[in-house]
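A short worksheet on the structure shown next.
The values are calculated or read from the model by the stated rules, or taken from the named source; none is laboratory data. Just so we're clear, the structure is a prediction, and the values are computed from it rather than from any experiment. Virtual Cβ from ideal backbone geometry, glycine too; neighbours counted across all protein chains shown. Protein only, heavy atoms only, side chains kept; ligands, DNA and RNA dropped before computing areas. Shrake-Rupley method; radii C 1.70, N 1.55, O 1.52, S 1.80 Å.
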Amino acid sequence: MITLQSTPPKILLIGDLMLDRYLWGASTRISPEAPVPVIKIEKEEIRLGGAGNVLRNLVSLGAHIRFLSVVGDDDMAKTALSLLEELNVDTSNIISSTQRQTTLKSRIIASGQQIVRYDKEDTFPIDKETKTKLFETYLRELEGVDIVLLSDYGKGVLPKHLTQQMITVAKEKGIRVLVDPKGKDFDKYRGAYLLTPNKKELTEAMGATLQSPKQIKGVLREMKARYDLEVGFVTLGEDGMAFYDSQLHLRPTVAREVYDVTGAGDTVLAALGFALAHENPLESSVDFANTAAGIVVGKIGSAVVEADEIFSFNHAD
């Protein structure tokens, strides 16, 4: 397991901030208008989502965070900023754009089951002026940080050229960049320390099968070389995680029960970045992230995990 330094690490997080809205209720009848259940809403909750969920996990773990993102000039942005302030997170680096709307994902849940999700969002790249402002802010905030995390949900905050600029500058300063990627073009993240795709994402990006350890090793080794990464890494769902530095390392899942995989990738990015920022070896940092993921999938919704939960998890039996 990892060790923690006396001073919390400084982590710079950049990505797509969004809101997750949960509408909880129950259904006792079918609508006369269409063959769908009628849900009586009993409770509503709004949480930070996307890169905001990575941030929530980092706060829960005890990191010192510098957060950069872009939101719309709308009521949802005000809600997002308010939620950030409740976490005592500095919101001065959240850029407001009149050209966009803040992403809102709404989920209706009845009897513990998600019935439907509907989204309001923009996914086009941020405009040139916003890109310039975001990069200038990044350069300023990069000073003195221990690690950089990029949480890319494909909503436009991290277009390819800007992402490459960020990785290049950090690398020149000897700062590792970890990326939760989106889409099939992993060239966008060339030069990062590692990426944290899931099995489906890596299969689509590399056009390869991940079934046997031999196949996993080959794909991770190719991924590492093709995109100039320090480490090849993948999450394998119920099969755990795997990474390749100079050899293949397989880590079986530690999940005891799986209720909801929502946000599990956010937890992996946060926990892995947190452990590495505390200057732990890669192997123990992956174990820490694997345990964090095993805990969070046993919770409903985009949940978070605390360091004490992770440390005590393996001793609970």
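Can you work out ³J(HN,Hα) from phi for every residue in segment 13-21, in order, using Karplus 6.51 cos²θ - 1.76 cosθ + 1.60 and θ = phi - 60°, giving whole Hz and x for Gly and Pro?
Values, residue by residue: 10, 10, x, 7, 7, 8, 10, 10, 10 Hz.
Convert each backbone phi in segment 217-225 into a coupling constant with the Karplus relation 6.51 cos²θ - 1.76 cosθ + 1.60 (shift: θ = phi - 60°), then list the ³J(HN,Hα) values in order as whole Hz, x for Gly and Pro.
4, x, 5, 5, 5, 5, 4, 4, 6
Put a dot 7 Å past each Cα toward the Cβ at residue 215 and residue 168; how far apart are the dots in nm?
Taking the two extended label points, one gets 3.7 nm.
Using 1/(1 + (r/R0)^6) with R0 = 30 angstrom and r between the beta carbons of residue 250 and residue 308, what's the FRET efficiency to the nearest 0.05?
The calculated FRET efficiency here is 0.65.
Out of residues 5 or more away from residue 49 or on other chains, whose amide H comes under 5 Å of its own, with H placed 1.01 Å from N in the peptide plane?
Correct list: 18, 19, 20.
Considering only the other residues whose Cβ falls under 11 Å of the Cβ of residue 281, what net charge follows from Lys and Arg at +1 and Asp and Glu at -1?
Cβ neighbours under 11 Å give a net charge of -4.
Using 0.36 nm per residue, how much length does the chain from residue 160 to residue 4 gain when fully extended, once their Cα-Cα distance is taken away?
Answer, rounded to one decimal: 52.8 nm.
Per-residue ellipticity at 222 nm for the chain, helices alone: DSSP H runs ≥ 4 residues times -39500 (n - 2.57), over residue total, nearest 500 deg cm²/dmol?
Helix-only estimate at 222 nm: -10500 deg cm²/dmol.
Amide H of residue 248 versus every other amide H placed in the peptide plane: which residues, excluding those fewer than 5 positions away on the same chain, fall under 5 Å?
Here nothing satisfies the definition.
Show 138, 244 ordered by accessible area, largest first, where the area counts protein heavy atoms only and the probe is 1.4 Å.
Sorted by accessible area, descending: 244, 138.
Amide H to amide H under 5 Å from residue 70: which residues, 5+ apart in sequence or cross-chain, H placed 1.01 Å off N in plane?
Correct list: 17, 95.
With the chain treated as a Gaussian network of Cα nodes joined by springs under 10 Å, which of 64, 278, 161 yields the largest mean-square fluctuation?
The residue that fluctuates most here is 161.
Once you charge only the Cβ atoms, +1 for Lys and Arg and -1 for Asp and Glu, what is the size of the charge dipole of the chain about its Cα centre, to the nearest 20 debye?
It works out to roughly 680 debye.
How much of the accessible area of the chain, in percent, comes from carbon and sulfur atoms when a 1.4 Å probe is used?
In the chain, the share of accessible area belonging to carbon and sulfur is 48 percent.
In Å², what does the accessible area per residue of the chain work out to with a 1.4 Å probe?
Result: 45 Å² per residue.
Can you give me the Cα centroid spacing of segment 59-116 and segment 141-203 in angstrom?
With segment 59-116 and segment 141-203 each reduced to a Cα centre, they are spaced 20 Å.
Ranked from the most accessible area to the least, with a 1.4 Å probe and all protein chains present, what is the order of 253, 137?
I get 253, 137, largest accessible area first.
Could you give the length gained on full extension between residue 36 and residue 82, defined as 0.36 nm per residue of separation minus the Cα-Cα distance, in nm?
Net length gain for the segment: 13.0 nm.
Subtract the Cα-Cα distance of residue 239 and residue 222 from 0.36 nm times their separation in residues, and report this length gain in nm to one decimal.
Extra length from residue 239 to residue 222 when fully extended: 4.0 nm.
Got a sec to turn the phi values of segment 25-33 into Karplus ³J(HN,Hα) couplings, 6.51 cos²θ - 1.76 cosθ + 1.60 with θ = phi - 60°, whole Hz, x for Gly and Pro?
x, 9, 10, 10, 8, 9, 5, x, 8
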